[in-house]
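For reference, the structure is listed below as structure tokens.
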Amino acid sequence: MASKSSAAKSSTPALLTEKQILAMPESDYMNEAQLAFFRNRLKELETEILNNAGATTENLRETQFVPDPADRATIEEEHALELRTRDRERKLLKKVQQSIARIDAGEYGWCEETGEPIGIPRLLARPTATLSLEAQERREMRQKLYGD
């Protein structure tokens, strides 16, 4: 048991690498090892986002009072930029948590529109993807033609 955990980077069993997942045959799509890999990747992303949110809260609490209006404006602009970034991360956090729920429900890796595989390369690039590349392109084309 100790050799298994020492081979892993953390205390969890050894996870596959991106290269190993890409080398797997299509018949192994979304097997337990792949799902464990993506669950781990999503959990790491979730932790990173939550840590960033905590850091932002601390940065905003440490409000600096400066008499110079130009310096004050710069600080306010930096805070506004940081808040916009955290807002995007908040939206991403929701998608990450939904993706983890999809893994639990056995729906992860399958297109919501067509039911076909999303594909390992796409999930590696965007682990929160819910549409295949073709379905996403169709959706973007419809949005471009008809608006939101």
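Each value in this text was obtained by applying a stated rule to the coordinates, not by laboratory testing. Remember, it's a predicted structure, so these values are computed and weren't measured experimentally. In this analysis, Cβ positions are derived from the backbone assuming ideal geometry, glycine residues included, and neighbour counts consider all displayed protein chains.
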Under the 0.36 nm per residue contour assumption, what length would be gained going from the current alpha-carbon distance of Glu32 and Glu116 to full extension? 28.4 nm
Along the stretch 44-52, Karplus-curve 3J(HN,Hα) (6.51, -1.76, 1.60; θ = phi - 60°) to the nearest Hz, with x for Gly and Pro, reads 5, 5, 4, 4, 4, 5, 5, 5, 4
For the chain, what is the number of Lys pairs with C-alpha distance below 28 angstrom, counting only pairs 8 or more positions apart or on separate chains? 15
Using modelled amide H (1.01 Å from N, peptide plane; none on Pro or chain starts), what sits under 5 Å from the amide H of Ala129, excluding residues fewer than 5 places away? none
Sort 71-78, 32-39 by the packing proxy (mean of other Cβ within 10 Å over each peptide's residues), most packed first. 32-39, 71-78
P(r), alpha carbons of the chain - 5 Å bins starting at zero, rounded %: 2, 8, 13, 15, 15, 13, 11, 9, 7, 5, 3, 1, 0, 0
What is the distance in Å between the Cα centres of the stretch 39-62 and the stretch 89-147? 23 Å
Less than 17 Å from a label point 7 Å out along the Cα-to-Cβ axis of Gln20: which backbone N atoms in the stretch 124-148 qualify, by residue? 124
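Could you tell me which of rounded, prolate or oblate describes the stretch 28-108, using a ≥ b ≥ c as the square roots of the eigenvalues of the alpha-carbon gyration tensor, with rounded for a/c under 1.5 and, failing that, prolate when a/b is larger than b/c and oblate otherwise?
prolate
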Quick one: order Asp87, Asp28 by neighbouring beta-carbon count within 10 Å, fewest to most. Asp87, Asp28
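Counting Lys and Arg as +1 and Asp and Glu as -1, what is the net charge of the other residues whose Cβ lies under 11 Å from the Cβ of Trp110?
Surrounding charge for Trp110 is -3.
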Residue by residue through the stretch 34-42, which ³J(HN,Hα) values in whole Hz follow from phi under the Karplus form 6.51 cos²θ - 1.76 cosθ + 1.60 (θ = phi - 60°), with glycine and proline marked x? 5, 4, 5, 4, 5, 4, 4, 4, 5
Can you give me the long-range amide H partners of Trp110? Hydrogens built in the peptide plane at 1.01 Å from N, cutoff under 5 Å, separation of 5 or more residues or another chain. Ile118
